[in-house]
Amino acid sequence: MSKVVKEHIQKHTITEYEHIPEHDERRETLEFKNSKHELESIEHLGCFICGTMNYRESHHIIERSDANGSDLKKVAFLLFHFRDYHGHCHRDFKSADELYAFLSKFETPELALDTLYNQLILCADHHRGMSIGIHGMSAPMFDAWLVRKDGWEPTFTLNEAQKWLSSHEGK
C-alpha cells in the first residue's frame with residue numbers, strides 16, 4: 001500500500017538566462033492584427049484558461065522575439081501536434097508539413113509567428129500575471145492550469161500561499 005502525501009505548497013524559484021536572437025523592434029504587424037481580430041472579434045474566443053471575455057490578449061506560443069533562432073519546420077511540428085489550442089492547425093492543414101509550407105511563405109520568421117496558428121487567447125492575468133500568467137510560470141505549471149479540475153488553483157500568489165499555509169499550520 002502506498003503512502004498518501006498530504007496537500008502542500010511547494011515553492012519553485014527559477015532563474016533563466018534567456019538567449020534572445022537579434023530581431024526587429026517589436027511592432028504590431030498587419031498579420032498579427034488580423035490574427036487577433038479573427039480570434040477575438042470574429043470567433044469570439046475567451047481566455048483559454050478561464051473563459052473570460054474581459055481583457056483578452058493574444059499570446060505568441062513561440063515568442064516572436066525568438067523567431068530568428070527558431071526552425072520553422074520544428075515550430076510547425078510543435079504547433080500542429082502539441083500546441084493547437086484553438087484547433088486552427090488541424091482545421092486548415094492536413095499535416096505539420098503543410099503548416100510548415102504555409103509558414104515558409106512569409107517574408108520573415110517574425111511574420112510567420114504572427115499568424116493565428118501561433119496565437120493563444122488569454123486574459124491579462126493568465127497572460128502576463130506574475131503568479132498565474134504564462135509569462136510568470138514554468139511550462140509544467142501552465143500545463144497544470146490547462147488540465148485543472150473546476151475550482152482547483154494550481155498556483156497561488158504570495159499572499160494566497162501565505163494565507164493557505166497559515167490556515168494549514170499543524171495539520
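Bear in mind that the values in this text are calculations on the coordinates, not laboratory data. This is a predicted model, so every value here is computed, not measured. Here Cβ is always computed from backbone atoms with ideal geometry, including for glycine, and neighbour counts include all displayed protein chains.
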For a quick check: with amide H placed at 1.01 Å from N, whose amide H comes under 5 Å from Ile61's, ignoring anything fewer than 5 positions away on the same chain?
Gln119, Leu120
Can you sort Tyr55, Tyr100, Tyr117, Tyr85 by how many other beta carbons sit within 10 Å, fewest first?
Tyr55, Tyr85, Tyr100, Tyr117
For an R0 of 30 angstrom, estimate the FRET efficiency from the Cβ-Cβ distance between Asn54 and Phe82 and round to the nearest 0.05.
0.60
Okay, which of the stretch 14-49 sit inside 11 Å, backbone N to the point 7 Å along the Cα-Cβ direction of Met141?
14-15
Check each of the trypsin sites (Lys or Arg not before Pro) in the stretch 8-54 and keep only those in coil by DSSP with at most 12 other C-beta atoms within 10 angstrom; list them in order.
Lys11, Arg26, Arg27
Round to a whole angstrom and tell me the spacing of the C-alpha centers of the stretch 118-142 and the stretch 87-108.
25
Let me know the charge dipole size of the stretch 30-147 about its Cα centre in debye, to the nearest 20, where only the beta-carbon of Lys, Arg (+1) and Asp, Glu (-1) is charged.
100
Of the candidates Asp66, Asp92, Asp150, which one comes out as most mobile in a Gaussian network treatment of the chain with C-alpha springs shorter than 10 Å?
Asp150
What is the calculated FRET efficiency for Glu169 to Arg148, with r their C-beta to C-beta distance and R₀ = 22 Å, to the nearest 0.05?
0.30
Can you work out the PRE-style zone for Asp24? Point 7 Å along Cα to Cβ, and I want the residues of the stretch 68-100 with backbone N under 15 Å.
68-69
